[in-house]
Ligand code: UT7
């Protein structure tokens, strides 16, 4: 390799549980309908792990990691840092990255968990790029993985949130590059904690003593709750804004982008983002119809599908963009 100028994704892998949960299946658990879910969200089905199977985000992450290693042509022993982005870890603590390290039988390498919810993969890829540019690590395994199904309220009370989420993991191997035409170009990251309680799980939470009470349980405070309309409004504002910020910083136009890979929270959000960015249909990719919102996994899942569909070619300028709980949002430009 000539002089290292940055980082690039060498391989992508995904893990999707076998169990398919259709909108019709959900309608047997709560008052909802295929018609409502498709019209409001675009989602037709999602995958959930089998109840009681003991499969956690770390297990899906490991499966995805082996596939990413295969595509990258990298041996697992070469990995020198694991970054795991999730809001549904196996345990409150420790994080999933050390669990992945042990399940993969790796040496005691550096392991880092990050939160950042739906923006977790964009933040994680930015951290990976920065570590590689700093010369700290050379083969980074970045995983975005979620098992939401274990934590959702499957009664009518939770229907606004529960119908949205699916389980999955996506992984990438990030390594150094000397090719200016195939690299991570830039990232623009933001957060606004004023929206923190608009999409959250309140308990367990150490602002309360005890952090989880019988009353909390009875009130369902361990289930995610969302101010859907407010989150929606912020998503459709922040995502176009942060794409334009990236373009401006790099002296690029929207027409320079080959494909936008947006976080998959709601197809209506992405249609609005597409309209505000003035993007033709062939420059944006969605797959929420099949997977629902898999939070930190949506973008690697999209990458994998777009690659399989021949929608991504070497050197293509891609724009990743996400918005989610926190609030957090960000965009990342890369030349594939
Ligand atoms: O990934 C992180 C970011 N997350 C997001 O960006 C999600 C953003 N928000 C959304 O996608 C939308 O707000 C939702 C899909 C969650 C909800 O769609 P909406 O068009 O904002 O519906 P709504 O919450 O205003 O609810 C409309 C009606 C209500 O009934 P009433 O009060 O009008 O009688 C709800 O009770 O739809 C009802 N409803 C449902 N009905 C059937 C809510 N959820 C459901 C459901 N099935 N699953």
- [ ] Take each of the peptides 213-222, 146-155, average the number of other beta-carbon atoms within 10 Å over its residues, and list them starting from the highest.
- [x] 146-155, 213-222
- [ ] Measure off 7 Å from each Cα along the Cα-to-Cβ vector at residue 91 and residue 289, then give the distance between these two points in nanometres to one decimal.
- [x] 4.2
Task: Mean projection area, nm², convex hull over Cα of region 184-335 - done: 10.1
- [ ] Could you calculate the FRET efficiency of residue 53 with residue 211 from 1/(1 + (r/R0)^6), where r is the beta carbon distance between them and R0 is 25 Å, rounded to 0.05?
- [x] 0.40
- [ ] Could you tell me how many degrees, from 0 to 90 and to the nearest 10, lie between the Cα long axis of helix 228-250 and the main elongation axis, the longest principal axis, of the Cα atoms of the chain?
- [x] 10
- [ ] From the C-alpha gyration tensor of the chain, pull out the three semi-axes of the equivalent ellipsoid (sqrt of 5λ each), sorted largest to smallest, in whole Å.
- [x] 30, 24, 18
TODO: Quote the FRET efficiency, to the nearest 0.05, computed for residue 19 versus residue 66 with a Förster distance R0 of 30 Å and r equal to the Cβ-Cβ distance.
DONE: 0.90
Open item on the list: Give me the one-decimal nm value for the distance between modelled label points at residue 248 and residue 271, 7 Å along each residue's Cα-to-Cβ direction.
Closed with: 2.9
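List 71, 1, 303 from most exposed to least, where exposure is judged by having the fewest other Cβ atoms within 10 Å. If you can, show how the numbers build up before the last one.
Details: 71 17, 1 9, 303 24.
Fewest-to-most Cβ neighbours within 10 Å comes out as 1, 71, 303.
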TODO: On a 0 to 90° scale, report how tilted helix 267-277 is relative to the longest principal axis of the chain, with both axes built from alpha carbons and the result rounded to the nearest 10.
DONE: 40
- [ ] Quick one: angle between helix 120-133 and the longest Cα principal axis of the chain, in degrees between 0 and 90, rounded to 10, please.
- [x] 30
TODO: Rounded to the nearest 0.05, what FRET efficiency do residue 75 and residue 178 give with R0 = 25 Å and r taken as the Cβ-Cβ distance? Could you check?
DONE: 0.70
Open item on the list: Taking a virtual spin label 7 Å from the Cα of residue 103 along the C-beta vector, which residues in region 165-179 bring their backbone nitrogen under 17 Å of it?
Closed with: 167-173
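Here, each number is a calculation from the coordinates, and none is a lab measurement. All figures in this text were calculated on a predicted structure; none of them were measured in a lab. Glycine also receives a Cβ, built like all others from the backbone with ideal geometry; neighbour counts cover every protein chain displayed.
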